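**Q** Right, I'll just put the structure down here and ask away after.
All of the numbers you see were taken from the coordinates with simple rules; none came from a lab. Computed from a prediction, not measured in an experiment: that's the story for all the values here. Quick reminder, even Gly has a Cβ in these numbers, built from the backbone with ideal geometry, and neighbours come from all protein chains shown.
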Amino acid sequence: MSDASEIVFDHVTKRYAGRDQAALDDLTLEIPAGTFCVLVGPSGGGKTTALKMVNRLIPFDAGDIRIDGRSIRDIPVVELRRGIGYVIQQIGLFPHMTIGENIGTVPRLLGWSKVRIRERSAELLALVGLEPSDAARYPSQLSGGQRQRVGLARALAADPPLLLMDEPFGALDPITRLRLQHELRRLHREVGKTIVFVTHDVDEAITLGDRIAILREGGVLAQYDTPDAILGHPADDFVKRFVGEDRALRRLALRTLHDVPLSGGGGNGPRLAVTTSLRNAVSQMLEVNADNVVVIGDDGRELGVLRLDDVATVL
Amino acid sequence: MTAGPVIPTFGHGSTCVKENHTFCWDWVHAHWGDTLQPALVQHLELTAIAIVIGFAIAFPLALLAHRFRPLEQPVGIASALLYTIPSLALFQILIPFTGLTRTTVEIALVSYTLVILFPNILAGLRSAPPDVLEAARGMGLTSRQVLTSVELPLAVPSIIGGLRIAVVSTIAVATIAAFLLPDGLGYPIFVALNQPVPFKTEIYAAGALAVGLAIACDFLLVALRRALVRWKTV
């Protein structure tokens, strides 16, 4: 298996019997290998439908979906699914199996040896931030956040080039969600898989995605672009409303002081690390009524000054 | 339909027995080997055969009804109808075909276990949460693998729950086999009731053995559940 797969939705359409509106209307989407692609939109937008088509839990009426150029219709369904990591909101851990057995599910189906499965499971527990001793516990003994870590480990077990994630953090408390979002980003950088991630939460989409596909009711693709481009140039009023009136601030949150040109000395505002987001920098300036911040590098040296007036020019 | 001449089991022996006191240990001691123990063993046989055959019928039916939903209602109604027939009436219906035999008794006992086992096994198979099934399918388990490695293990608590009720109720119902045959713990009770004055010790001793058997079997099934279901803390 390759490290990451390219997925292409090619004019995919899905209608459910007895409903006028399409669930997915002529969706065309190219997701390059290694991309973290977030499908976002209101309910009825067909984002979960689109996701579940990739591992053929939901059939489509027209069009085609290709993974690395190969139509998913040409791949035996069981083989297709074993090659795709799948994570869902309700997690769906097997309650009668230990955490170790849960993680070993797909490797077992693929006929790995017991030793190899045990080693892999230990490796994954560490990767998702759980203890080796957790392997012997049952799902009912874990918290919601821990369970979803196991869900992620289980999906990664056979090292699939593609991960499908259906609102995986939707049922978690905000703090746990934030932490797992961070770790998923880190994980994506480390393992370099293609991830298709469904959420209805714009903030989550912007935090996680390299690319965001916004689907509107009736399964129509409203815009497909980088978070920065979507915030900077929303395609239409629907996207504008959907991403919110504060999209300028959201864009600032995507950049750090590292990403902007700084002017020379003369700053007297708060001293901030270069890794601070522009949004936080602006917030700090407003808080102490300063019109600039002094940017400090990793080594503690002053790198320069960012003035409030200059912030708008970077957008 | 009584089974042969009634042999007097008291009228001789200790004062306790002669005066038909509430409970005479000496009678129990004297007749353990020739009356009570054989009756207990027969009772266990009657119950075990009924449960094994009942399970062998109910299990595949439940698997079928699990796969093909429309089957559930007819099977459920048929077994419930069987259950509503009073056992003595059922014996009368069966005697022309199967005579005064254990077969007649077992047909009645088995049909009563079905009404308990079938819905319990089916409910167990359906107890797998939808998200667990979706995850299983999504990971590439075949439907057979979903059944054997997800649905069946998750059905075990419900199946054992059904077995517990079926075993305990079969042990109780099996006493009426004595209306047909000198078989089971019902027979000593039947004999004692047919004395000019009902013989108390024999009735109580046989009744206590039936209760003890039920409790022992139930205990074993609870232990089995505990051994098989380590993932659930109940």
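**Q** From the Cα gyration tensor of the range A:201-315, with a ≥ b ≥ c the square roots of its eigenvalues, which class applies: rounded if a/c is under 1.5, or else prolate if a/b is larger than b/c, or else oblate?
**A** Values: a/c = 3.05, a/b = 2.45, b/c = 1.25.
Because a/c hits 1.5 or more and a/b exceeds b/c, the range A:201-315 counts as prolate.
**Q** Nearest 500 deg cm²/dmol is fine: what mean residue ellipticity at 222 nm does the protein assembly as shown get from its DSSP H runs of n ≥ 4 alone, each adding -39,500 (n - 2.57), divided by its residue count?
**A** Numbers: 24 runs with 275 residues, N = 549.
About -15500 deg cm²/dmol.
**Q** Summing Lys, Arg as +1 and Asp, Glu as -1, what charge do residues with Cβ under 9 Å from the Cβ of A:Asp64 carry, A:Asp64 excluded? Please list the in-between numbers first.
**A** Working: positive: A:Arg66, A:Arg73; negative: A:Asp10.
Local net charge: +1.
**Q** In addition: With N residues in the range A:75-208, what two-decimal value do you get for its Cα radius of gyration over 2.2 N^0.38 Å? Intermediate values should be presented prior to the final figure.
**A** On the way: Rg = 14.1 Å, N = 134, 2.2 N^0.38 = 14.1 Å.
Against the empirical 2.2 N^0.38 Å value, I get 1.00 for the range A:75-208.
**Q** Would you work out the relative contact order for chain B, in percent, from Cα pairs under 8 angstrom that are 6 or more residues apart? Present the calculation step by step, with values, prior to reporting the outcome.
**A** Working: 268 pairs, mean separation 68.0, N = 234.
Once normalised by length, the contact order is 29 percent.
**Q** Moving on to the next point. Using the Kirkwood radius over Cα pairs, work out the Stokes-Einstein diffusion coefficient for the range A:129-194 at 10 °C and 1.306 mPa s, in µm²/s as a whole number. The partial results should precede the final answer.
**A** Working: Rh = 12.7 Å.
Translational diffusion coefficient: 125 µm²/s.
**Q** Report P(r) for chain B: all Cα-Cα distances, bin width 5 Å, range 0 to the bin holding the largest distance, values in whole percent.
**A** Percent of pairs per bin, in order: 1, 6, 12, 14, 14, 13, 11, 9, 7, 5, 3, 2, 1, 1, 0, 0.
**Q** Report the residues of the range A:229-258 in range of a label on A:Val274: point 7 Å along Cα→C-beta, backbone N strictly under 18 Å from it.
**A** A:255-258
**Q** Restricting things to alpha carbons, find the Rg to Rh ratio for the range B:32-133 using the Kirkwood radius for Rh.
**A** 1.10
**Q** Arranged by the count of other C-beta atoms within 10 angstrom, fewest first, what order do A:Met97, A:Met165 take? Present the calculation step by step, with values, prior to reporting the outcome.
**A** Numbers: A:Met97 18, A:Met165 25.
Ascending number of Cβ neighbours within 10 Å: A:Met97, A:Met165.
**Q** If you don't mind, there's one more thing I want to ask. So which of A:Lys114/A:Lys193; A:Lys114/B:Lys232; A:Lys52/A:Lys114; A:Lys52/A:Lys193; A:Lys47/A:Lys240 end up more than 23 Å apart by C-alpha? Walk me through the intermediate numbers first.
**A** Working: A:Lys114/A:Lys193 25 Å; A:Lys114/B:Lys232 25 Å; A:Lys52/A:Lys114 31 Å; A:Lys52/A:Lys193 18 Å; A:Lys47/A:Lys240 19 Å.
Over 23 Å Cα-Cα: A:Lys114/A:Lys193; A:Lys114/B:Lys232; A:Lys52/A:Lys114.
**Q** Also, I was wondering about something else. Need one number: % antiparallel among DSSP beta bridges in the protein assembly as shown, to the nearest 5.
**A** Working: 24 of 46 bridges.
Among the beta bridges of the protein assembly as shown, antiparallel pairing accounts for roughly 50 percent.
**Q** How about the protein assembly as shown: what cysteines have no other cysteine beta carbon under 4.7 Å from their own?
**A** Lacking a cysteine Cβ partner under 4.7 Å: A:Cys37, B:Cys217.
**Q** Pick out, in residue order, every one of the trypsin sites (Lys or Arg not before Pro) in the range A:1-46 that is DSSP loop and has at most 11 other C-beta atoms within 10 Å; say none if there are none. Spell out each step's value before the answer.
**A** Values: sites: A:Lys14, A:Arg15, A:Arg19; in loops: A:Arg15, A:Arg19.
In loop regions of the range A:1-46 (DSSP not H, G, I, E or B), the sparsely surrounded trypsin sites (Lys or Arg not before Pro) are A:Arg19.
**Q** What number, in nm² with one decimal, is the all-direction average of the projected area of the convex hull of the alpha-carbon atoms of the range B:122-220?
**A** Working: hull surface 33.2 nm².
Taking a quarter of the hull surface, the average projection is 8.3 nm².
**Q** Given the range A:255-314 reduced to its alpha-carbon atoms as identical point scatterers, what log10 I(q)/I(0) does the Debye formula return at q = 0.28 Å⁻¹?
**A** -1.29
**Q** On a straight-distance basis, which lysines could pair with B:Lys18 in a cross-link, Cα separation under 30 angstrom, same-chain partners fewer than 8 positions away excluded?
**A** Cross-link targets: B:Lys200.
**Q** Viscosity 1.567 mPa s, temperature 4 °C: Stokes-Einstein D of the protein assembly as shown from its Kirkwood Cα radius, in µm² per second? Each step should come with its number before you reach the end.
**A** On the way: Rh = 29.1 Å.
The estimated diffusion coefficient comes to 45 µm²/s.
**Q** Lys/Arg Cβ at +1, Asp/Glu Cβ at -1, dipole of chain B taken about the Cα centre: which of B:Ala128, B:Ile116, B:Ala178 is farthest positive-ward?
**A** B:Ala128
**Q** What is the Cα radius of gyration of chain A over 2.2 N^0.38 Å, N being its residue count? Working shown, then result.
**A** Numbers: Rg = 21.9 Å, N = 315, 2.2 N^0.38 = 19.6 Å.
Taking the Cα Rg and dividing by 2.2 N^0.38 Å, one obtains 1.12.
**Q** Which three extents, in angstrom, do the Cα atoms of the range A:7-121 have along their principal axes, listed largest first?
**A** Principal extents (largest minus smallest coordinate, Cα): 51, 31, 26 Å.
**Q** Loop only per DSSP, at most 10 neighbouring Cβ atoms within 10 Å: give me the GluC sites (Glu not before Pro) in the range A:214-307, ordered by residue number.
**A** Details: sites: A:Glu217, A:Glu245, A:Glu287, A:Glu302; in loops: A:Glu217, A:Glu245.
Counting only loop positions with at most 10 other Cβ atoms within 10 Å, the GluC sites (Glu not before Pro) in the range A:214-307 are A:Glu245.
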